1. Quick check on my filter: what residues within region 82-99 are touching a strand residue (DSSP E or B) at 6+ places or on another chain (Cβ under 7 Å) and either of a type in the set (Val, Ile, Thr) or not in a loop (DSSP other than H, G, I, E, B) (or both)?
2. Just checking, how many residues over region 161-176 are under 15 Å from residue 81 (Cβ atoms) and touching an Asp or Glu at 6+ places or on another chain (Cβ under 8 Å)?
3. Restricting the first residue to region 85-99 and requiring it to be outside the structural domain of residue 114 (by TED's automatic domain parsing) and exposed (fewer than 13 other Cβ atoms within 10 Å of the Cβ), which pairs with a second residue that is in a loop (DSSP other than H, G, I, E, B) and at pLDDT 90 or above meet a Cβ separation below 9 Å and a spacing of at least six or different chains?
4. Among 35, 47, which is the only one that is loosely packed, with under 15 Cβ neighbours inside 10 Å and among the hydrophobic types (A, V, I, L, M, F, W, C)?
5. Against the definition (closer than 20 Å to residue 34 by Cβ and surrounded by 14 or more Cβ atoms within 10 Å (Cβ to Cβ)), how does residue 104 come out, yes or no?
6. Is at least one residue of region 54-76 in contact with a helix residue (DSSP H, G or I) (Cβ under 8 Å, 6 or more places away or on another chain) and among the polar types (S, T, N, Q)?
7. Only residues that are crowded, with 16+ Cβ neighbours inside 10 Å and hydroxyl-bearing (Ser, Thr, Tyr): list them for region 107-122, please.
8. How about region 30-78: which of its residues are among the hydroxyl-bearing types (Ser, Thr, Tyr), under 29 Å from residue 195 (Cβ atoms) and either without any contact (Cβ under 8 Å) to a residue 24 or more places away in the chain or part of a loop (DSSP other than H, G, I, E, B) (or both)?
Amino acid sequence: MKNIWILGAGKFGRIAYKRIVSRFPQSDVTVVDNVVEVSELTGVTTVFEDGISWLVRNLKRESRVDMIVPAIPLHVVVEWVKEKRAGICSVSPWPLPSNYLSQLPHPMCNGDSTVYVSHADFLCPDNCAEPESFCTYTGEKRAKDMFRLLRDLDVDGANSLVIRSYQLLPGVGGIYPRDLWNLLDRVEALDNQSLIIATACRCHGVVDGICLT
C-alpha cells in the first residue's frame, strides 16, 4: 500500500489514520474531512473539504491510489455514482421492496431507500481482523459473507450491484478504485433502470435503491 485516501476524520477515520500510518509508515496517506479539523494530524496530507466532492474531483481512472477508506456517515459509493452521473441523467431514490428487506439479516432502515445490514446483533470490537471462517466475538462459525449474500439476492424490478469492502487492517476496511470504476461502467449500461447498490464486507453492509432516468 503506497497511496491511501481516508474520507473522514471522526472516530473511525482517526482509528484508520492511526493504524495505517503505524502499519504502512512509508505510504502516502491523505485524510479528507470538512467537519472535523484535520490539520492536527501528522505524517499525512490533510484536506479540509467535503469528502465526496473531493473524491469526485480527484479520482481518475489513472489515479495512483491503492485503496479508499470510507469513514464518513454516507454511502460513499452511491454518493460518488450520483455525482458522476449528475448532469447526464436524473437520479432519484428507489424504495426497497419489502420482500427484499425480509431476506436481509438485522436490517435497519434509513428511510425507504437505504438500509444497513449486519450479521451481528451486538457491538463488534473495532479491531476485528475479519477472519474467513469464524466470528472473533462469538467464536462461532461465520455466516455467509455479507457481500456474497447481497450479490445472490434476486430483486424483482431492479438490478443488484455490490462492491466488496476489503479488510486492510483490523478494524479498517476499504474499497479498491478499480471496483468503483467497474461499478460505474455497469451503472452507465443500466440507465433508465432501477438499481440496488450495496457496499459490504464479510459482516456488514449498506444498501441503497436508486433509479436513473
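The values are calculated or read from the model by the stated rules, or taken from the named source; none is laboratory data. Bear in mind that the values here come from a model prediction, so they are computed numbers and not experimental data. Cβ atoms come from the backbone with ideal geometry, glycine included; neighbour counts cover every protein chain shown.
1. 82, 85, 91, 92, 93, listed by residue number.
2. Looking only at that region, the number is 1.
3. From region 85-99, no pairs qualify.
4. After ruling out the rest, the residue left standing is 35.
5. no
6. Looking through region 54-76, at least one residue is in contact with a helix residue (DSSP H, G or I) (Cβ under 8 Å, 6 or more places away or on another chain) and among the polar types (S, T, N, Q).
7. Hits for region 107-122 are 113, 114, 118.
8. Once the filter is applied, which keeps residues that are among the hydroxyl-bearing types (Ser, Thr, Tyr), under 29 Å from residue 195 (Cβ atoms) and either without any contact (Cβ under 8 Å) to a residue 24 or more places away in the chain or part of a loop (DSSP other than H, G, I, E, B) (or both), region 30-78 yields only 63.
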